[in-house]
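J.: Can you keep this structure in mind? I'll have questions shortly.
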Amino acid sequence: MTAKKVEIVASPKPAHFVGDGFRVHNFIPGVQGLDMKRMDPFIMLDYNSKFHFNGSERPRGVGVHPHRGFETVTIAYKGKVEHHDSAGGGGIIGEGDVQWMTAAKGVLHKEYHETEWSKKGGIFQMVQLWVNLPAKDKMSCPKYQAIENAAMERVSLGENGFVEIIAGEYNGHKGPADIFTPLHMMNAKLKAGGKAEFSFPAHFNTAALVIEGSITVNGEEKAATDHFVLFKNEGETFSIEAKEDAVVLIISGEPINEPIYPHGPFVMNSREEIMQAFEDFNTGKFGYLED
């Protein structure tokens with residue numbers, strides 16, 4: 001095993017709103033060096049860093065919109081998110097929970113702050129990832145996974161903290177998410193001075209997002225809160241050490257290595273498939289969902 005070195009430590013770009021409920025910094029594909037091909041199968045990452053929303057009787061969020069060809073993964077760190085889709089999926093995810101929606105051949109969905117949480121308001125913090133699907137699965141049936149924090153496998157690091165696994169595996173322990181291609185997604189929750197070791201295949205695209213605290217990677221590179229660490233596609237192992245109590249999202253996935261043709265809410269393999277997606281959406285083939 002050889003060390004997996006850091007390629008980029010990216011600071012967050014200026015935030016923008018998605019709908020009126022998500023104030024996000026886009027890392028993938030918005031930061032130079034983090035385009036969809038480089039990060040495949042992770043084709044989008046929006047990060048809502050800690051932001052205080054005032055109470056509102058009308059829940060803020062994003063109204064009904066379509067998706068096809070990929071999966072959306074929403075991780076709630078602070079606050080609560082509610083989701084509904086035209087395939088019958090939906091529910092409420094609280095702090096630490098994950099909603100994993102497979103849009104596949106097409107779905108309408110909406111997501112917003114949970115009603116009761118919205119009335120009080122508070123600190124909101126979340127990550128949304130788009131995970132690409134291989135061509136053979138892009139037109140499969142939509143599905144929805146509500147993954148509660150309690151269902152995630154936790155691997156103890158002793159006094160250092162623990163790693164909770166959303167998808168893939170860590171040290172032989174597996175996460176609950178049902179996945180289409182080899183990938184790993186987990187949160188390292190470390191005490192100050194705590195250290196965690198990771199190992200992924202050299203060709204997997206691997207990155208870390210510092211949700212809380214600050215870390216040192218491989219004893220050399222420093223990354224502060226809200227910064228994104230991209231690793232080189234060489235070597236397998238790396239370590240992170242918390243300079244203060246820290247939460248770090250770790251993602252690593254095998255590239256699908258197929259053409260990526262994105263347009264708005266659709267990600268397919270060709271222009272013709274994108275045109276078909278718009279036609280199917282316009283003719284009602286994505287179902288119905290009340291706004």
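J.: Enumerate the calculated ³J(HN,Hα) couplings along the range 280-289 in order (Karplus 6.51 cos²θ - 1.76 cosθ + 1.60, θ = phi - 60°), each rounded to whole Hz, writing x wherever the residue is Gly or Pro.
T.: 5, 5, 5, 9, x, 6, 8, x, 10, 8
J.: Please give the per residue volume of the convex hull enclosing the alpha carbon atoms of the chain, rounded to a whole number of Å³. Don't skip to the answer; put the middle values down first.
T.: On the way: hull volume 35.3 nm³, N = 291.
Output value, Cα hull per residue: 121 Å³.
J.: Another one. If you rank 250, 8 by how much accessible surface each has, with a 1.4 Å probe, what is the order from largest down?
T.: Numbers: 250 0, 8 45 Å².
Greatest to least solvent exposure: 8, 250.
J.: While we're on this one: Once phi is turned into θ = phi - 60°, what whole-Hz ³J(HN,Hα) does the Karplus curve with 6.51, -1.76 and 1.60 give for every residue of the range 114-123, x standing for Gly and Pro?
T.: Taking θ as phi minus 60°, the curve returns 4, 4, 5, 4, 4, 4, 8, x, x, 6 Hz for the range 114-123.
J.: Rank these by accessible area, largest first, 1.4 Å probe: 113, 203.
T.: Numbers: 113 0, 203 95 Å².
The residues order as 203, 113, largest area first.
J.: Is the C-alpha gyration tensor of the range 1-133 telling us rounded, prolate or oblate? Criteria: a/c under 1.5 is rounded; beyond that, a/b larger than b/c is prolate, otherwise oblate. Spell out each step's value before the answer.
T.: Details: a/c = 2.04, a/b = 1.36, b/c = 1.50.
Oblate.
J.: Further question: For the range 76-186, state what percent of all Cα-Cα pairs lands in each successive 5 Å bin, counting from 0 Å until the bin that includes the largest distance.
T.: 2, 11, 19, 20, 19, 15, 8, 4, 1, 0
J.: OK, next. Roughly how much of residue 279 is accessible, in Å² to the nearest 10, using a 1.4 Å probe?
T.: Near enough 100 Å² of accessible area.
J.: Over 20 Å, how big is the tail of the calculated P(r) for the range 71-137, in percent of all Cα pairs? Don't skip to the answer; put the middle values down first.
T.: Numbers: 662 of 2211 pairs.
Every Cα pair in the range 71-137 considered, those over 20 Å come to 30 percent.
J.: Using a 1.4 Å probe and ignoring any ligands, DNA or RNA, find the accessible area of residue 225 and quote it in Å² to the nearest 10.
T.: The value for residue 225 is about 60 Å².
J.: Could you point to the residue in 242, 163, 257 farthest towards the positive end of the range 162-291's charge dipole, with +1 and -1 charges on the Cβ of Lys/Arg and Asp/Glu respectively?
T.: 242
J.: Quick one: putting +1 on the C-beta of Lys and Arg, -1 on the C-beta of Asp and Glu, what dipole do you get for the chain around its Cα centre, in Debye to the nearest 20? Spell out each step's value before the answer.
T.: Numbers: 29 positive and 39 negative charges, 69 e Å.
That gives a dipole near 320 debye.
J.: Could you tally the net charge around residue 228, taking each other residue with its Cβ under 15 Å from the Cβ of residue 228, Lys/Arg +1 and Asp/Glu -1? Don't skip to the answer; put the middle values down first.
T.: On the way: positive: 13, 38, 222, 232; negative: 7, 35, 46, 212, 221, 226.
Local net charge: -2.
J.: Ok, one more. Using modelled backbone amide H atoms (1.01 Å from N, in-plane), which distant-in-sequence or interchain residues come within less than 5 Å of residue 263's amide H?
T.: 268
J.: Less than 23 Å apart at the alpha-carbon level, and either on another chain or at least 8 residues along: which lysines does that give for residue 195?
T.: 4, 5, 174, 222, 232, 243
J.: Can you tell me the relative contact order of the range 116-275? Whole percent, Cα pairs under 8 Å, sequence separation 6 or more. Could you put the intermediate results ahead of the total?
T.: Details: 319 pairs, mean separation 33.1, N = 160.
Across the range 116-275, relative contact order equals 21 percent.
J.: Work through the residues other than residue 100 whose Cβ is under 10 Å from its Cβ and net out their charges, Lys, Arg +1 and Asp, Glu -1.
T.: Numbers: positive: 143; negative: 71, 178.
That works out to -1.
J.: Mean shadow of the range 201-289, computed from the convex hull of its alpha carbons, in nm²?
T.: Details: hull surface 34.0 nm².
Result: a mean projected hull area of 8.5 nm².
J.: Follow-up. Enumerate the calculated ³J(HN,Hα) couplings along the range 263-278 in order (Karplus 6.51 cos²θ - 1.76 cosθ + 1.60, θ = phi - 60°), each rounded to whole Hz, writing x wherever the residue is Gly or Pro.
T.: Ordered by residue, 3J(HN,Hα) equals 8, x, x, 10, 9, 10, 9, 7, 4, 4, 5, 5, 4, 5, 4, 5 Hz.
J.: Can you list residues from other chains, or at least 5 along the same chain, whose modelled amide H is less than 5 Å from the amide H of residue 244?
T.: When sequence neighbours closer than 5 places are left aside, the close amide H contacts are 193, 214.
J.: Something else now. Express in whole angstrom the spacing between the alpha-carbon centres of the range 188-212 and the range 68-124.
T.: Cα centroid to Cα centroid, the span is 25 Å.
J.: Please arrange 68, 23 by accessible surface area, largest first, computed with a 1.4 Å probe and ligands excluded.
T.: On the way: 68 10, 23 65 Å².
The residues order as 23, 68, largest area first.
J.: Ignoring solvent entirely, what values of log10 I(q)/I(0) come out of the Debye formula for the range 107-171 at 0.13, 0.15, 0.29 Å⁻¹ when each Cα is a single scatterer?
T.: -0.67, -0.85, -1.31
The values are calculated or read from the model by the stated rules, or taken from the named source; none is laboratory data. None of the values given here were measured: they were computed from a predicted structure. As a convention, Cβ positions derive from the backbone with ideal geometry for all residues, glycine included, and neighbour counts pool all protein chains shown. Protein only, heavy atoms only, side chains kept; ligands, DNA and RNA dropped before computing areas. Shrake-Rupley method; radii C 1.70, N 1.55, O 1.52, S 1.80 Å.
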